[in-house]
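Note sheet for the following structure.
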Amino acid sequence: MTETMISLKEIEKTYKMGQNTVHALDHVSLSIEAGDFVSVVGPSGSGKSTLMNTIGCLDHPDSGEYVLDGNHVDSLKDWQLADIRNRKIGFIFQNFNLLGKLTALENVELPLIYRGIKVKERKERAMASLAQVGIKERAEHLPNQLSGGQQQRTAIARALVGQPSILLADEPTGALDSRTSKEIIDLLTALNEEGRTIVLITHDLHVAREAKRTVSIRDGKLYEGEQTL
């Protein structure tokens with residue numbers, strides 16, 4: 001029996017915009033099983049980023065229940081949430097978020113530094129992670145010496161180095177050309193086939209269809225499938 005990795009029930013998140021109240025998440029319920037590959041697709045301003053921040057324990061909902069791998073997120077302290085983000089979730093961003101003065105290897109090492117892992121082990125694990133995404137030979141290059149695809153592979157290696165069970169990818173192909181985008185999606189698919197749970201946030205329906213399952217979000221409301229697009 002497959003276990004539920006992510007369970008959101010009646011999640012609400014609102015923001016004040018002047019005199020108006022914006023329902024970024026409007027009674028959102030979503031269940032994702034371990035090993036699933038789910039894309040969340042919707043236009044700009046639909047609530048995608050708020051949903052990702054909630055799943056990634058970066059943002060607190062106003063109400064509702066969030067259970068992550070058996071942990072009731074609402075009851076956790078900030079240091080516990082930080083530990084979950086470091087150990088259980090790997091984040092992949094559209095703009096890579098690499099530190100320009102660090103090499104690819106040093107960028108990938110960063111999550112392990114926060115864990116207090118010793119230099120020799122963390123370099124070995126970072127190099128293995130770079131090898132896993134196919135750019136071990138670029139380990140000593142700075143981000144500005146890498147192509148967009150190589151930068152995103154470095155970012156994926158950084159997300160993988162802590163051996164998380166969940167990967168959250170926020171528009172991972174948004175800054176890439178179509179050929180490189182396909183390479184990145186193929187890489188995510190391979191990682192999913194290895195057993196990782198992947199949540200892919202995108203506005204691109206062609207990218208979304210590469211996942212096993214698609215949900216749509218519009219005006220803070222979540223729908224199964226593509227019917228809101």
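The values are calculated or read from the model by the stated rules, or taken from the named source; none is laboratory data. Quick caveat, the model's predicted, so the values are computed rather than measured. Positions of Cβ are backbone-derived with ideal geometry, glycine not excepted, and every protein chain shown enters the neighbour counts. Surface areas here come from the heavy atoms of the whole protein model, side chains and all, with no ligands, DNA or RNA. Shrake-Rupley method; radii C 1.70, N 1.55, O 1.52, S 1.80 Å.
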Next on the checklist: Just to be sure I understand, how many residues within the range 31-49 are outside any strand (DSSP E or B), out of contact with any helix residue (DSSP H, G or I) (no Cβ under 9 Å at 6 or more places or on another chain) and either under 25 Å from residue 187 (Cα atoms) or open to solvent by 50 Å² or more (accessible area, probe 1.4 Å) (or both)?
Outcome noted: 6
Next on the checklist: Among the numbered criteria (1) under 27 Å from residue 127 (Cβ atoms); (2) surrounded by fewer than 16 Cβ atoms within 10 Å (Cβ to Cβ), which one does residue 225 miss?
Outcome noted: (1)
Checklist entry - Give me the pairs: first residue in the range 15-40 and among the basic types (Lys, Arg), second residue open to solvent by 30 Å² or more (accessible area, probe 1.4 Å), beta-carbon distance under 8 Å, and six or more apart or on different chains, which are they? => result 16/22
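For the range 60-80, which positions are loosely packed, with under 15 Cβ neighbours inside 10 Å and in contact with a strand residue (DSSP E or B) (Cβ under 6 Å, 6 or more places away or on another chain)?
Of all residues in the range 60-80, those loosely packed, with under 15 Cβ neighbours inside 10 Å come to 60, 62-63, 65, 70, 72, 74-75, 77-80.
Those that are loosely packed, with under 15 Cβ neighbours inside 10 Å and in contact with a strand residue (DSSP E or B) (Cβ under 6 Å, 6 or more places away or on another chain): 62, 63, 65.
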Item to check | Which listed residue is hydrophobic (A, V, I, L, M, F, W, C) and closer than 15 Å to residue 6 by Cβ, from 188, 168, 176 | outcome: 168
Next on the checklist: Please determine whether any residue of the range 73-81 is within 29 Å of residue 22 (Cα to Cα), of a type in the set (Asp, Glu) and not in a helix (DSSP H, G or I).
Outcome noted: no
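If we keep just the residues of the range 87-103 that are at pLDDT below 90 and open to solvent by 90 Å² or more (accessible area, probe 1.4 Å), which is farthest from residue 59 (Cα to Cα)?
Filtering the range 87-103 down to residues at pLDDT below 90 leaves 87, 93-95.
Next, only the ones that are open to solvent by 90 Å² or more (accessible area, probe 1.4 Å) stay: 87, 95.
Details: 87: 17, 95: 20 Å.
Taking the candidates together, the pick is 95.
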Checklist entry - Listed residues 55, 84; which is open to solvent by less than 40 Å² (accessible area, probe 1.4 Å), closer than 17 Å to residue 172 by Cα and hydrophobic (A, V, I, L, M, F, W, C)? => result 55
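What is the residue count in the range 51-63 for residues that are without any contact (Cβ under 8 Å) to a residue 60 or more places away in the chain and not in a loop (DSSP other than H, G, I, E, B)?
Here is the first cut: in the range 51-63, the residues without any contact (Cβ under 8 Å) to a residue 60 or more places away in the chain are 53-54, 57-63.
Adding the requirement that they be not in a loop (DSSP other than H, G, I, E, B) leaves 53-54, 63.
Selection size over the range 51-63: 3.
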Checklist entry - Within the bounds of the range 172-186, is there any residue that is under 21 Å from residue 132 (Cα atoms) and either at pLDDT 95 or above or within 12 Å of the chain's Cα centre (by Cα) (or both)? => result yes
Item to check | Positions within the range 184-213 being in contact with a helix residue (DSSP H, G or I) (Cβ under 6 Å, 6 or more places away or on another chain) and either at positive phi or open to solvent by 20 Å² or more (accessible area, probe 1.4 Å) (or both), in sequence order | outcome: 210
